[in-house]
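Quick notes on the structure that follows.
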Amino acid sequence: MITQLQGRLIEKFLTHVVIDCQGVGYEVHISLHTFGQLGDNENIRLYTHLQVREDAHTLFGFFEPMERSIFRLLISISGIGASIARTMLSSMTPHQIQQAIVHEDLAAIKAVKGIGLKTAQRVLIELKDKIQNVAGMEEISSSRSNTTKEETLSALEVLGYPRRQAEKVIDNIIQSAPESSVEALIKQALNKL
């Protein structure tokens with residue numbers, strides 16, 4: 001299996017690059033995230049994933065191993081092929097994908113072209129535990145924010161606010177200020193409810 005390519009950048013397009021490695025030109029499909037990371041440097045290295053099918057051998061390239069790991073996790077899910085995984089990595093950074101999965105942000109995953117509700121739910125369920133083990137990804141603590149969120153929701157329910165309405169408001173506040181205390185969340189939520 002080809003796991004990385006290092007060579008001279010011959011052609012660079014939004015969706016693929018051509019790398020000359022000792023006289024052999026490899027066409028490598030890339031995401032917009034990788035495209036943005038590639039400078040105008042002539043010598044490059046890409047970490048690759050080789051997809052072998054009956055009708056084609058396709059190389060996908062990534063600027064960092066962590067992006068390749070997320071790509072591999074995504075294609076392991078039923079309903080997500082290499083094309084949709086690449087679209088997802090073009091729509092969101094690897095860090096944003098990790099955040100969306102850890103915080104169970106169904107809307108963010110579903111917003112990616114080609115991913116419907118059921119597939120988005122599958123991504124969250126199947127990758128929630130696996131995403132923390134990706135090399136190079138920072139540890140995200142979801143337990144603290146979940147406990148804080150639950151306490152805030154309970155308090156707002158006691159005050160007579162419907163749970164679903166309060167949950168939407170709290171989720172928005174937590175996204176913009178993840179380290180907020182229960183008291184701060186309640187105050188901000190009361191202003192928005």
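Read-outs: derived from the displayed coordinates by stated rules, not from any lab. The structure displayed is predicted, hence computed values, not measured ones. Note that each Cβ is placed from the backbone with ideal geometry, even for glycine, and that neighbours are counted across all protein chains shown.
Other residues whose C-beta falls under 12 angstrom from the C-beta of Ser91 contribute a net charge of +3, scoring Lys and Arg +1 and Asp and Glu -1.
Within the shell of other residues whose beta carbon sits under 15 angstrom from the beta carbon of Gln51, the net charge comes to +1, with Lys and Arg scored +1 and Asp and Glu -1. Each of Thr15, Ile44, Ile2 was placed along the dipole of the chain (beta-carbon charges, centred on the mean Cα), and the one lying farthest toward the positive end is Thr15.
Fully extended, how many nm does the chain gain between Arg164 and Ser181 (0.36 nm per residue separation, minus their Cα-Cα distance)?
Residue separation times 0.36 nm, minus the Cα-Cα distance, leaves 4.1 nm.
Legend: calculated FRET efficiency, Asn191 to Glu157, from the Cβ-Cβ distance at R0 = 22 Å, rounded to 0.05, equals 0.80.
Just check the stretch 4-62 against the gyration tensor rule for me: Cα atoms, a ≥ b ≥ c as the square roots of the eigenvalues, rounded for a/c under 1.5, and otherwise prolate or oblate depending on whether a/b exceeds b/c. In terms of gyration-tensor shape, oblate. With a/c under 1.5 counting as rounded, go ahead and sort the stretch 1-156 into rounded, prolate or oblate using the C-alpha gyration tensor (a ≥ b ≥ c being the square roots of the eigenvalues; past the cut-off, prolate if a/b is larger than b/c, else oblate). Prolate.
Converting phi to 3J(HN,Hα) with the Karplus coefficients 6.51, -1.76 and 1.60 and the offset θ = phi - 60°, the stretch 113-124 yields 4, x, 10, x, 4, 5, 5, 4, 5, 4, 4, 5 Hz in sequence order, with x at every glycine or proline.
What FRET efficiency comes out for Glu64 versus Thr3 if R0 is 22 angstrom and r is the Cβ-Cβ distance? Round to the nearest 0.05.
In this case the efficiency is close to 0.95.
Histogrammed with a bin width of 10 Å, the alpha carbon distances of the stretch 64-193 distribute as 12, 39, 28, 17, 3 percent, first bin at zero. Considering only DSSP beta bridges with both partners in the chain, what is the antiparallel share in %, to the nearest 5? Percentage antiparallel, nearest 5: 90.
Per DSSP helix of 4 or more residues, -39500 (n - 2.57); summed, then divided by the residues of the chain. What does that give at 222 nm, rounded to the nearest 500?
Calculated from helices alone, the mean residue ellipticity at 222 nm is -14500 deg cm²/dmol.
Taking Lys and Arg as +1 and Asp and Glu as -1, the other residues whose beta-carbon sits under 15 Å from that of Asn191 total +2. Anisotropy class assigned to the stretch 66-133 is rounded, per the alpha carbon gyration tensor with a/c under the 1.5 cut-off. Normalised by the number of residues in the chain, the mean separation of alpha-carbon contacts (under 8 Å, six or more apart) gives a relative contact order of 13 percent.
What you get for the chain, charging only the Cβ of Lys and Arg (+1) and of Asp and Glu (-1), is a dipole of about 460 debye around the Cα centre.
Using 0.36 nm per residue, how much length does the chain from Gln51 to Thr147 gain when fully extended, once their Cα-Cα distance is taken away?
Result for the pair: 30.4 nm of gain on full extension.
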